[in-house]
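What follows is one structure encoded as structure tokens, with my remarks underneath.
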Amino acid sequence: MPLRDYFKPGPEFQERVIALGRELANASDRIAAIAGAALLDDALGLALSARFVSIGKRWEDRLFSGATAPLSSLSAKARVGFALGMLGPATFADIELIRKVRNEFAHIALSVSFNDPGIMEKCHQLTTPSRIDDIWLAIAQLGGQHDFDNTKHRYIASARHIAVRLLEQKRVNPVIRSVPPDVLPWASLCIFLKPHPLLIRTCHRMRARRQHPPRSSPG
């Protein structure tokens, strides 16, 4: 099921969030680390695409899919999300920590766990758990993340909470998705510069000609 449908608002929403937390809590450390970051990556991509004009799947694939796509990585998505005001500094910092922990699990063939000192240090730097309200604390506990001193629980709860809040932001704050015109009207130039009077008169004449083209004489 696509992420946008899995977390669609409705009576099953909280049950699905809880079920996902339980699945990650019961998974191996490597799977939990990679899947938690993948959930966050997908949610951030959906939240970003909701801010774009309606460009269609082909253009979304150009932006998000493939090695050369500018927004194919979690890091790139987070930087653009921060620039657009979708992420605060603390949340952006947590996404960077989650990305680094994910990379350690994904790129090292040797046995790695959440008990490794370097990974524990990064996970305990996560600040998202301190910003989770009572409702989401209850959901985290029902989902198996009942101890934020536990490195794995702290990581899963942070990734899931940021992801769900991004999807909620996407639903609550819809944006206008119409495609803008290719050519700006001449009057918009006044925002950037003070036009010369001759330029204004010329633009008026050109606009009048477009609105009332001269009639062709009969042959």
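What follows draws every value from the coordinates through simple rules; no lab data is involved. Owing to the predicted nature of the structure, the values given are computational and were not obtained by experimental measurement. Neighbour counts are summed over all protein chains in view; Cβ atoms, including those assigned to glycine, are modelled from backbone coordinates with ideal geometry.
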* Structure fact -> Final fewest-first order of K100, K122, K77, K57 on the 10 Å Cβ neighbour count is K57, K100, K122, K77
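Between S113 and D147, what length in nm is gained on full extension when 0.36 nm per residue of separation is reduced by their alpha carbon distance?
Working: separation 34, 0.36 × 34 = 12.24 nm, distance 1.71 nm.
So the chain would gain 10.5 nm between S113 and D147.
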* Starting at the first residue of the stretch 68-82, write each ³J(HN,Hα) from the Karplus equation 6.51 cos²θ - 1.76 cosθ + 1.60 with θ = phi - 60°, in whole Hz, x for Gly and Pro. => 9, 5, x, 10, 6, 9, 4, 4, 5, 4, 5, 5, 5, x, 5
